[in-house]
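Worksheet: one structure, shown below.
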Amino acid sequence: MPTADAARGPAAGTDMAGADDESRVEVDLAAVRHNLRVLRTAAGQAQVMAVLKADAYGHGLLPVARTALAAGTTWFGVARASDALRLRTELRPADARVLTWLHTPGAPFARLLDSDVDVSVGAPWALEEVAAAARDTGRVARVHLKVDTGMGRNGVGSGELVPLARRAASLAATGRVEVVGLWTHLACADTPGHPATHDQVARFEDATDVLRTAGIDVPLRHVAASAATLTDPRLHYDLVRPGLATYGLSPLPPGDPRASMLTPAMTLRSRLAAVRTVPPGTPVSYGSEHRTARRTVLGLVPLGYADGVPRHASTDGRGPARVHVNGRAARVVGRICMDQLVVDLGPGAGDAPGDAVTLFGPPGAGGVPTAAHWAASAGTITYEVVSRASAALPRTYRDDDAS
């Protein structure tokens, strides 16, 4: 059932009567629901948090959240406070918890507490600001303490953990703070069996002991994102936090059979804006780095790096990239530009302006390239390919499982 919960960002509210002629992102909500079922099965007894950061990895925060909530998801995770507040304001998932974790001093902790949002604390300053917000609002702050066990990024280091745990315990005794979670992030879980994961888990267990010594016995411990959820039940603890896999993309090494259980939810489409026959030796795009080797037909696609198409997938990249036009592959040639790219349709091609172009979509869809193909062509990862799809592109949603 196609829907037009369509646009976001600058495109929101615009007249999309001509949407069939526009470049657009299509999101299959039935695929999101399927992936969540797979992840719930993999998680066993652990609860599942659907990670919706970066506008649900480019898929659309609210449509994905509504789908996940209706499918029985009990936790949502977002990096930024603004997304947590938006979920509470526009969705009001009374039966789901919301956790937000990326803050700087002066973050709107009072608003988060008033909105019944769980907050992550990864530094002493954050604990003090959250406690002050709890005092000012009269709310009890639900806190997840984050420890850095080897990612070297966000979280309390081992030297700060003991005093922070003691301070959290004293605040808990006043009733201002409730430490409901302890968590960390794994650096190498996408390589199953990596020794760094073993080391991080050992440090996490040490952190658990530090909290218990301080008098804190947390009900929720969580370390697993998508990769560990799919590959290692020992890492599930009480809660798992799948992000990429929620959208049907695999964080696992190529060829891992567990990837086939997932269904990609995003398709990026456009239409040919121009078609012309050119002679051999015709330069294409900036720098004239590509010249046609034969008489051929070139097609112009009105999508470029400003729309999120990776510029490094241009000719002489690692692919180069290809698109799908009228049931066949067409190679991207020349540099990808800000708002357009050129494809070689081949000698004698009968394509015409307005014909549909698919840049990527689910595998098995008649040879359509995947987000993984574009990632390989650009020397990047699928996370980047989908999450960078421009907010200016309209989103259309379909849900073939909906009644």
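Bear in mind that the values in this text are calculations on the coordinates, not laboratory data. All values derive from a computational prediction rather than experimental measurement. So basically every Cβ, Gly included, is an ideal-geometry build from the backbone, and we count neighbours across all protein chains shown.
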* Structure fact -> Descending packing, highest mean Cβ count within 10 Å first, for 219-225, 192-198, 342-348 is 219-225, 342-348, 192-198
* What order, most packed first, do the peptides 300-310, 82-92 have when packing is the mean number of other Cβ atoms within 10 Å of each residue? -> 300-310, 82-92
* Distance from the Cα centre of the stretch 288-339 to that of the stretch 170-235, in angstrom? -> 45
* To do: Sum -39500 (n - 2.57) across every DSSP H segment of at least 4 residues in the chain, then divide by the residue count to get the 222 nm mean residue ellipticity, nearest 500.
  => -8000 deg cm²/dmol
* For the stretch 178-276, treating each Cα as an identical point scatterer without solvent, what Debye log10 I(q)/I(0) comes out at q = 0.24 1/Å? -> -1.23
* To do: Give the Rg (one decimal place) followed by the Dmax (whole number) of the stretch 44-247, computed from C-alpha coordinates and expressed in Å.
  => 16.1, 46
* Asked: Given the chain reduced to its alpha-carbon atoms as identical point scatterers, what log10 I(q)/I(0) does the Debye formula return at q = 0.15 Å⁻¹?
  -> -1.29
* Any chance you could tell me what percent of the C-alpha pair distances in the stretch 266-398 go past 22 Å? => 30
* Can you tell me which of 257-266, 53-62 comes out highest on packing, and rank the rest after it, using the mean Cβ neighbours within 10 Å? => 53-62, 257-266
* Structure fact -> Taking Cα atoms only, Rg over Rh for the stretch 111-161 with Rh from the Kirkwood formula is 1.04
